[in-house]
Structures are given as C-alpha cells and as structure tokens.
1. Per residue of the stretch 28-35, in order, report the coupling 6.51 cos²θ - 1.76 cosθ + 1.60 (Karplus, θ = phi - 60°) as ³J(HN,Hα) in whole Hz, putting x for Gly and Pro.
2. Given H placed 1.01 Å from N in the peptide plane, which residues other than close sequence neighbours of F16 have an amide H under 5 Å from its amide H?
3. Going by how many other beta carbons lie within 10 Å of each one, how would you line up L42, L86, L97, L51, fewest first?
4. If I take all pairs of Cα atoms in the stretch 18-108, what percentage of them are more than 20 Å from each other?
5. Could you please rank I5, I94, placing first whichever residue has the fewest other Cβ atoms within 10 Å of its Cβ?
6. Tell me, in nm to one decimal, what length is gained between I94 and E2 on full extension, where the rule is 0.36 nm per residue of separation less the Cα-Cα distance?
7. What's the magnitude of the charge dipole for the stretch 25-94 around its Cα centre, counting Lys and Arg as +1 and Asp and Glu as -1 at the beta-carbon? Answer in Debye, nearest 20.
8. Under the rule of -39500 (n - 2.57) per DSSP H run of 4 or more residues, summed and divided by the residues of the chain, what mean residue ellipticity at 222 nm is obtained, to the nearest 500 deg cm²/dmol?
Amino acid sequence: MEKKIKINEIEFNISFVNNEYCQNNMAKTVSMSGNIFVNTNLKEDIRANTLLHEIMHVIYHNYSIGTPEEEEKIVESFSNGLFAFLRQNQNFVIEELLGNKKDKYIIS
C-alpha cells in the first residue's frame, strides 16, 4: 500500500513494508528518491507516530533546522509532542487549522 504526501512542494511516496525491508528498523527515509518506508509490524499508534517522526526528519532537512548532531533529539521531541496534540485534538485540527475543508489538503 503506497500513499503520497507533499512537503515543501516535494512529493514523497509512503510505503508500508515488512520488517526485513526496513532492516529491523521502525522506518527509513530515502530523501533523494522521495521515499518513506514504514514497518508494518508496528502497532497502529506506534506506526502512525513513526510515520510522523520520518516526516519531521524530511522537514528538518528541508528547512535546515539544526545540526546533524541535534537532529534525532529535536525530531523525536517535536514528533512525539505533535503526535500527541494531533491525536488528542482531532476536531480542533480539522475545524480550526484546516478550516473544516480537510479534503482540499489530500493529494490523490
């Protein structure tokens, strides 16, 4: 199953793959080819948080947020906090942040 997202007008393919393909990691991102691979063996909530974590890595690089040494700590902190916010405030996100027009943000 593959999905597509855009980050800074760059399209990324998201593929949910087996543990072997992820080399026993939760996920991996190959920015040069625009691919994010997420391990399907993870529980649903962990898989969703892991996907957000990988998206945050892409944002970190695209916007030159910090140094390579800081990357994992910053990405981990922001992705965990943002994931919790999004999960706990879904109606607010849809109504206030997306203007109740969530379909216009979905890429087919």
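Nothing in this text is a laboratory measurement; each read-out follows from the coordinates by a stated rule. Everything numeric in this text was worked out from a predicted model, so none of it was measured. Cβ: placed from backbone, ideal geometry, glycine included. Neighbour counts: every protein chain shown.
1. Per-residue couplings from phi come out as 8, 10, 10, 4, 4, 9, x, 10 Hz.
2. Those lying under 5 Å, H to H, from F16 are V38.
3. Starting with the residue having the fewest Cβ neighbours, the order is L97, L86, L42, L51.
4. Tail fraction, whole percent: 46.
5. Arranged by neighbour count, lowest to highest, I5, I94 become I94, I5.
6. On the way: separation 92, 0.36 × 92 = 33.12 nm, distance 2.36 nm.
Here the segment from I94 to E2 would lengthen by 30.8 nm.
7. Charge dipole of the stretch 25-94: 260 debye, to the nearest 20.
8. So the calculated ellipticity at 222 nm is -12500 deg cm²/dmol.
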